[in-house]
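The next block holds one structure in the form of structure tokens; read it before the comments.
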Amino acid sequence: MEQLMRNTLLFLSKNRTANRAAKKYGLRFGASRFVAGETIDSAIAVVRELNAQGIVATLDHLGEFVFSREEAIESADYCIRTLDAIHRAGVRSNLSLKLTQLGLDISKELCMDNMRRILDRAKQYDNFVRIDMEDYAHNEVTIEIFKELRREYGATVGLVIQAYLYKSEADLDDLDQFKPNLRLVKGAYKESPEVAFPNKEDVDRNFIKLIEKHLLYGNYAAIATHDEKVIEHVKRFVKQHNIPNSQFEFQMLYGIRVQLQQQLANEGYTMRVYVPYGNDWYGYFMRRLAERPANVAFVLKSMLKK
Ligand code: FDA
């Protein structure tokens, strides 16, 4: 039953008619629990609140379905405006983005040009840009682009590695030559067992393995999970190996495990919350519901209250 619900939600996340209908009705129906509004001002207000609680942020201007050069350039402009707004407001936040938003499916050159414009601005502000990892079809080219940009921009750019892919351990080993800042995640897309561990226990085991390896290499790790078992394991592991708190941070999504976020910040760990904003919030919202169908009950309740 839960699997059926998950597949339905993932199907709806890609459905354009549902997307258009959702946009028409704005951020009602509970999406505001996971999305920090449609405008940059509302997003900055959320980051300010988080900062006041000792939590830092990474802002993501939501965008999906980029079909033209114009849309890709516009999307990059939004990223630049987001960096400007962070700088102007003096809030503690960096930026996360997806390469398909910047035109990767149209041409690699277009995507690289957009990335260079964004990274030039980030470098000017001494800020940081994280390239999210998307589905398997984009994995290899995303790593290639990261390597090129890392050579040009150094520590201004970071990447994500997904523990559910068999290839990720080899990628992590190979990327060590760059001493990269990596966000490590379990992985969010539906992938074939030919490329990804089908069983959750194997994903969880590989996740721990990659985190430990990356930390022991001496590289910066952003450990992005809501899984308390993993978080407790990391806390023990860093103590055992004298890894300083400055070599890693925890990351969670806006609106998920909020108390745990606060607790980790209070304990003195760097806690960064991924804050998505923008009017293209529908696909992101549906994927969060699919991850945890129990959230659907929450959304239905908030709809009934309206
Ligand atoms: P898991 O799914 O095992 O959940 C562990 C526990 O966390 C659950 O039992 C529940 O208590 C809680 N939980 C998890 N999801 C929840 C939800 N939606 N609502 C309420 N509680 C929930 N993926 C990717 O492929 N590419 C990327 O670039 C990123 N980027 C990214 C950034 C950040 C900051 C985070 C936190 C996550 C990502 N992800 C991602 C998503 C990631 O791959 C993964 O799908 C989710 O984090 C869910 O996995 P967990 O590690 O939280 O564990």
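The values are calculated or read from the model by the stated rules, or taken from the named source; none is laboratory data. Please read all numbers here as calculations on a predicted model, not as lab measurements. Here the Cβ is made from the backbone with ideal geometry for all residues, glycine too, and neighbour counts use every protein chain on show. For the accessible areas, the whole protein counts, side chains as well, though only heavy atoms, and no ligand, DNA or RNA atoms are used. Shrake-Rupley method; radii C 1.70, N 1.55, O 1.52, S 1.80 Å.
Quick rundown of the values:
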item: Of all residues making up the range 186-208, the number that are aromatic (Phe, Trp, Tyr) and farther than 18 Å from MET286 by Cα; result: 2
item: Selected residue (criterion: surrounded by the most Cβ atoms within 10 Å (Cβ to Cβ)) from residues of the range 19-46 that are modelled with pLDDT under 70, at negative phi and not in a helix (DSSP H, G or I); result: LEU27
item: Residue list for the range 101-131, restricted to those being open to solvent by 10 Å² or more (accessible area, probe 1.4 Å), within 18 Å of the chain's Cα centre (by Cα) and over 19 Å from VAL275 (Cα atoms); result: LEU104
item: Single residue of the range 219-240 satisfying the filter (aliphatic (A, V, I, L, M) and near the ligand (Cβ under 8 Å from one of its atoms)) that is most open to solvent (accessible area, probe 1.4 Å); result: ALA224
item: Single residue of ASN266, ASN279, ASN242 found to be within 27 Å of ALA76 (Cα to Cα) and polar (S, T, N, Q); result: ASN279
item: Filtered residue count, the range 264-283, keeping only those that are touching a strand residue (DSSP E or B) at 6+ places or on another chain (Cβ under 9 Å) and either free of Cβ contacts under 8 Å to residues at least 12 places away in the same chain or of a type outside the set (Ser, Thr, Tyr) (or both); result: 9
item: Members of the range 285-295 that are buried (at least 22 other Cβ atoms within 10 Å of the Cβ) and farther than 14 Å from THR8 by Cβ; result: PHE285, ARG288
item: Flag if GLU249 is closer than 24 Å to ARG150 by Cα, modelled with pLDDT of 95 or more and within 11 Å of the ligand (Cβ to nearest atom); result: yes
item: Hey, ILE243 among the aliphatic types (A, V, I, L, M), open to solvent by less than 30 Å² (accessible area, probe 1.4 Å) and within 18 Å of the chain's Cα centre (by Cα) or not; result: no
item: Residue count for the range 178-205, restricted to those that are under 18 Å from the mean Cα position of the chain (by Cα), more than 10 Å from the ligand (Cβ to nearest atom), surrounded by 17 or more Cβ atoms within 10 Å (Cβ to Cβ) and not polar (S, T, N, Q); result: 2
